[in-house]
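One structure is given below, encoded as structure tokens.
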Amino acid sequence: MWQADQHGGDPEAPSGPAKRPTRATWAGRNYALLTAAAVVTGLGNSGALVAAAFAVLAAGGDGTDIGLVAAARTVPLVLFLLVGGAVADRLPRHRVMVAANALNCASQGVFAALVITGQAQLWQMALLSALGGTGQAFFAPASEGMVLATVSGEQSSRAFAFFRMGVNGANIGGAALGGALVAVVGPGWVLAADAAAFAVAGLLRALLDLSGVPERGPGGGLLADLRDGWREVVSRTWLWAVVVQFAVVNAVVAAAEAVYGPQVAQEHLGGAGPWGVALGAFGAGTVGGALLMTRWKPRRILLTGALCVFPLALPSAALAVPVSAAALIGVMFATGLFVEVFGVTWMMALHQEVPEEKFSRVSSYDWFGSLAMVPVATALAGPAEELVGRPAALWSCSAVIVLLTAAVLCVPDVRRLERRTVPRDVADGTGAVGQPVPPQASQPMPKEPSGGTGDGAAASS
């Protein structure tokens, strides 16, 4: 029969023979809207990243200018993440998401208009990128909190896996499509398409059914909310240990991929083409990992996830050798697959262990930890190469990943945390972590290297 879910299900569904197709209880209306919106903006964002770089070049800029525009987006993203998490737990999350989408739509629309008319200047592009980063800072914690709150029950791992698979697939397709469209119609129109994608996503998110979400209390103020979120993080050893781990892991992976990888590709692998294929293979691997997690339900979720972080050391080692382009492509695919297993298990752990009303605050600390050291690492990568040489720097990246992952496995809570066979919301008589279960509701997200541990992919704005 038709199965209602607690967010937008059909409470009037007949109990007799089915008249409608069966739908999984975790794939409710809100989940479908959130997934569709994330896929739409994933396509737009990935293409826009390519378009923005070429827009800077078209305006007479160089590589340094491209870096400045990228940094203009990253700095406000890091600065406002914690505030964004507190706001998202204080206000209705979907309103924060829609407001952020509106800001991104406007900034990208103006960016596109300036590029199309040939009026874009470097300071304007930097300012508009900064506005986009500000919107992302408020969007990302709200989005992850909303996805976590929308899913409940024993099928949460499957729901998170399908969500991440859609987003990762959109990122891969969007980058390829964006690159092709930049060559055909120019970067301005690709930026305009991204603005339109934000508008569509904002509309989809405005249609979310929040009737089952409890009212937010007034709280004790923004600073009090930030302190409360910090207490939630530090009170869970497994949580802060992994956040600290990925603060460094994401930084060294970013340095290897953004600074050393292109140089190795240029000198040993045949140039940008094979390097682009290798990066695409990593993305394809994440899709494969998400597909695996739609079926696999490991009992010790964090132990499984932590073991799957070790392969992140392989790409840096492969670049240090360096291996052939074909071998590197295989390494990147396998790494993406393993890392996505970790990403899904991480979302499962947050969903299972963190109270619903604090999802966004905890997510913001997770995102902050993931991003804060990336600019520092990429800035220091060049001097480190000059000091010790590129192979030694790459081997050091691999060693850091292995040592930190081994240290995390020494944390008892990481090894012992198990997936609940009876979900918390069923065991204590609540819905999606703290919400009353409607009579017919039966069951109810980064960590990505270079994309944010709070499911950077999952929280694409």
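Global size of region 193-331: 21.0, 59 Å for Rg and Dmax (C-alpha atoms, Rg to one decimal, Dmax whole).
Could you order peptides 131-141, 32-42 by the average number of other Cβ atoms within 10 Å of their residues, highest first? Present the calculation step by step, with values, prior to reporting the outcome.
Values: 131-141: 26.7, 32-42: 23.2.
Going by the mean number of other Cβ atoms within 10 Å, highest first, we get 131-141, 32-42.
Note that region 76-131 presents 42 Å² accessible area per residue, ligands and nucleic acids not counted, probe 1.4 Å.
Would you please give the FRET efficiency between residue 300 and residue 223, computed as 1/(1 + (r/R0)^6) with r the Cβ-Cβ distance and R0 = 25 Å, to the nearest 0.05?
Details: r = 37 Å, r/R0 = 1.47.
So the FRET efficiency works out to roughly 0.10.
For region 39-86, what does the alpha-carbon gyration tensor say about shape, rounded, prolate or oblate, given a ≥ b ≥ c as the root eigenvalues, a/c under 1.5 as rounded, and a/b over b/c as prolate?
Working: a/c = 4.57, a/b = 1.43, b/c = 3.19.
Oblate is the answer for region 39-86, as a/c is 1.5 or above yet b/c matches or exceeds a/b.
Solvent-accessible area per residue in region 331-372 equals 18 Å², computed with a 1.4 angstrom probe and all protein chains kept. Computed over region 287-340, relative contact order equals 56 percent, with contacts defined as Cα pairs under 8 Å that lie 6+ residues apart. Between residue 379 and residue 124, the simple spin-label model (points 7 angstrom out along Cα→Cβ) gives 2.9 nm. Only protein atoms count toward the accessible area here, which uses a 1.4 Å probe; on region 81-122, the carbon and sulfur part of that area reaches 68 percent.
State the percentage of accessible surface on region 193-310 attributable to carbon and sulfur atoms; use a 1.4 Å probe and exclude ligands, DNA and RNA. Ligands and nucleic acids excluded, carbon and sulfur give 66 percent.
Can you send over the carbon and sulfur percentage of the accessible area for region 347-417, probe radius 1.4 Å, protein chains only? Don't skip to the answer; put the middle values down first.
Details: 2070 of 2890 Å².
The computed percentage sits at 72.
The values are calculated or read from the model by the stated rules, or taken from the named source; none is laboratory data. What you see is a predicted model; the values in this text were computed from it and never measured. Please note: Cβ atoms are built from the backbone with ideal geometry, for glycine as well, and neighbour counts cover all protein chains shown. With ligands, DNA and RNA removed, areas are computed over all heavy atoms of the protein, side chains included. Shrake-Rupley method; radii C 1.70, N 1.55, O 1.52, S 1.80 Å.
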